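What follows is calculated from the coordinates using simple rules that are stated; it is not laboratory data. Please read these numbers as outputs of a predicted model, since none were measured by experiment. In this analysis, Cβ positions are derived from the backbone assuming ideal geometry, glycine residues included, and neighbour counts consider all displayed protein chains.
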């Protein structure tokens with residue numbers, strides 16, 4: 001049965017590969033098929049234990065840990081009180097039920113091969129006592145997450161994972177009163193915002209570990225967005241560091257890492273909240289989060305999160321206005337199968353965000369914003385130059401327990417985005433006092449992405465050694481259509497623009513475009529992937545992670561609807577390995593890790609000046625990393641220290657011996673240190689802090705940038721911190737305050753051996769006050785309360801908002817989760 005099922009999935013690999021690729025997949029398929037047969041035999045020698053855990057008043061005891069004493073086998077009790085441990089070799093064991101602050105229970109059990117033993121627990125505490133313990137324990141390091149099911153595409157504790165990642169929890173998002181996705185990113189060491197958040201790449205373009213990227217993953221699968229990302233539906237934001245091609249490919253990642261939004265899921269009690277925030281620059285934000293079981297036996301659960309958001313600009317124009325809704329449904333079809341359905345819809349209207357290009361190649365004669373001598377409170381773009389965008393996403397996931405040791409997960413996602421209207425950017429001209437205003441008008445821009453992913457995960461013992469296995473197949477389809485026209489609208493004196501300042505209007509732009517030639521194009525891309533991963537417990541303290549991915553990328557080319565010609569059609573195959581080691585000198589307390597990771601990016605053929613076509617290989621990024629992770633004082637202190645070395649090869653550059661020709665022998669390096677700590681040193685006191693240092697260099701490229709830091713790398717040094725205290729007893733119980741901020745060193749945003757444009761270093765500080773009660777929450781937040789004038793950018797100068805104040809009121813209803 002298993003062999004037939006696996007064969008069906010391997011026929012999903014397309015037949016258009018050349019003979020070498022076909023041979024590779026045949027051997028891969030044969031290897032995996034034989035592996036399944038071996039595992040099936042191994043499973044016949046093991047048994048399982050399952051049961052239900054209740055409190056003394058008969059209610060399910062969620063979050064209780066069930067473990068086999070003396071082994072590394074454990075699980076957490078679910079919302080209905082159920083648990084299951086499988087793949088256990090026959091023999092006698094002690095089964096333990098424990099929860100922080102409660103009396104531990106032990107039972108002696110006998111596991112028989114091929115049988116499932118039923119063992120129930122009844123805790124002496126009632127449900128209310130359990131809830132009180134849960135509330136108190138949640139104050140311990142509430143800003144951290146000790147495990148993830150998506151970072152490695154299988155459930156894995158942070159201390160078991162040789163890869164570095166940072167998890168930002170909903171508790172931290174709430175305490176900081178965050179209303180924009182970009183403010184979540186400020187809590188991640190080494191992540192630098194490069195462009196403003198409104199209407200660019202999802203959440204804005206950011207740099208991490210010296211490379212530029214965005215956020216395209218949602219619960220581990222593709223989730224495309226246009227406009228902004230709203231934080232109301234985020235349970236945890238995971239920043240996964242380093243090139244991650246082995247599990248996630250190239251379409252959704254950068255060489256510096258990727259960002260994954262773990263969304264809020266339905267649960268089995270009625271609960272919700274409605275919140276309103278208002279503040280500076282016309283901020284008006286209404287959010288809702290409602291959860292409810294749909295039927296009496298609580299097998300069908302529903303949750304809805306949503307937001308209505310408007311915010312103006314600190315400049316003389318600029319705004320964003322949007323509506324967002326994210327419904328989700330969970331259906332427990334049987335003991336073995338669970339179905340998850342959820343979606344997102346966002347529709348908004350935005351003024352084109354501020355982009356001033358100050359490219360050093362233009363020989364402007366200036367090297368920093370303070371030499372530009374003009375008013376950054378001027379936007380140079382009126383509010384009537386706005387455009388519309390919308391996003392509609394649908395996700396489906398089916399989890400099925402194939403056997404005691406094996407689970408199937410099938411994922412389907414569909415994302416569709418559209419936008420239309422004018423966007424504007426500015427170019428600084430030589431002489432420092434002039435700039436051009438340029439407009440691109442999009443008559444229609446539509447993107448669609450479909451992903452089908454099948455994963456098999458197993459937790460079995462082979463030859464007495466624990467193996468946690470992943471076997472996956474992935475099909476990703478992208479298509480895009482657009483119709484655009486661009487024009488240079490005018491040239492201004494930036495210091496004294498005069499009446500011309502107000503002449504850039506929607507009516508004027510449309511008049512100029514009446515006879516313009518629109519560029520109408522259509523593109524399609526397919527990616528077929530297969531990957532295998534194994535986490536091997538060599539001993540109880542030593543683990544090895546091995547994985548490999550193969551991608552077949554097919555670009556169908558760009559079709560011009562006017563000329564009816566297709567250009568840029570090509571195909572490439574890329575392999576991405578990954579290897580990691582973890583040694584825990586003190587089990588579940590200290591973890592020493594090292595990894596080798598690979599990422600890749602597809603490179604299109606280039607038509608050379610002599611009309612010849614050069615076919616290039618994918619760019620490759622290889623990372624070597626090592627460090628330590630800590631989980632100290634029963635989880636009160638968690639920390640990660642790491643050093644990484646990323647080397648990129650196969651970059652395209654101009655041939656120094658043949659001007660105008662391109663060759664593929666460029667290189668780039670990126671080395672750095674990262675450190676973070678999350679702590680709850682005393683009751684009610686929580687803090688996070690992070691530091692990142694990055695040294696990036698262009699090793700082989702054009703003569704005018706050779707040896708320089710890439711303009712997309714961001715600042716060399718970055719610091720983030722937040723500390724808060726909440727009163728736990730007395731008449732002021734629930735009251736608290738927090739303070740923190742960010743530091744970034746100077747940022748070179750335009751490079752040349754003759755001139756550089758550098759954004760200055762900055763320090764911003766934020767503070768909050770809150771009063772949190774079971775039925776309501778009141779908060780007050782001051783962002784950048786020192787009114788620091790600072791800039792972000794990548795070849796651009798983007799002034800950022802000064803001091804702003806916001807107040808929040810939340811009304812809670814239903815049970816406590």
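Structure above, values below:
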quantity	calculated
Distribution of pairwise C-alpha distances over the stretch 282-335, 10 Å bins, in %	21, 31, 21, 16, 8, 3
Neighbour-count ranking [beta-carbon atoms within 10 angstrom, fewest first] of 168, 723, 88	723, 88, 168
Within the stretch 51-69: backbone nitrogen closer than 12 Å to the residue 98 label point (7 Å, Cα to C-beta)	65-69
Helix-only CD estimate at 222 nm, as mean residue ellipticity for the chain, using -39500 (n - 2.57) per DSSP H run (n ≥ 4)	-2500 deg cm²/dmol
Extension reserve of the residue 347-residue 596 stretch, reckoned as 0.36 nm per residue once the Cα distance is removed	85.5 nm
Förster-model FRET efficiency, 60 Å R0, residue 654 and residue 725, C-beta, rounded to 0.05	0.60
Label-point separation in nm, residue 538 to residue 758, each point 7 Å along Cα→Cβ	4.6
Relative exposure of 180, 539, judged by other C-beta atoms within 10 Å (fewest first)	539, 180
Per principal axis, descending, Cα span of the chain in whole Å	85, 74, 47
In degrees, nearest ten, helix 127-138 long axis to first principal axis of the chain (Cα)	40
Inter-label distance, nm, simple model (7 Å from Cα along the C-beta direction), residue 630/residue 610	6.1
Label-point gap, in nm, between residue 337 and residue 702 - each point 7 angstrom along Cα→Cβ	5.8
Stretch gain in nm, segment residue 446-residue 587, where the contour uses 0.36 nm per residue and the Cα spacing is subtracted	45.7 nm
Acute angle (nearest 10 degrees) that the helix 19-43 long axis makes with the longest principal axis of the chain, alpha-carbon atoms	30
The stretch 147-262: equivalent-ellipsoid semi-axes (sqrt of 5 x gyration tensor eigenvalues, Cα, Å)	20, 17, 13
Euclidean distance of C-alpha centroids, the stretch 759-807 and the stretch 541-556, integer Å	40
Estimated translational D of the stretch 729-810 in µm²/s (Stokes, Kirkwood radius over Cα pairs; 10 °C; 1.306 mPa s)	104
Inter-centroid distance (Cα atoms) of the stretch 416-465 relative to the stretch 486-508, Å	29
Ranking of 232, 548, 648 by count of other Cβ atoms within 10 Å, fewest first	548, 232, 648
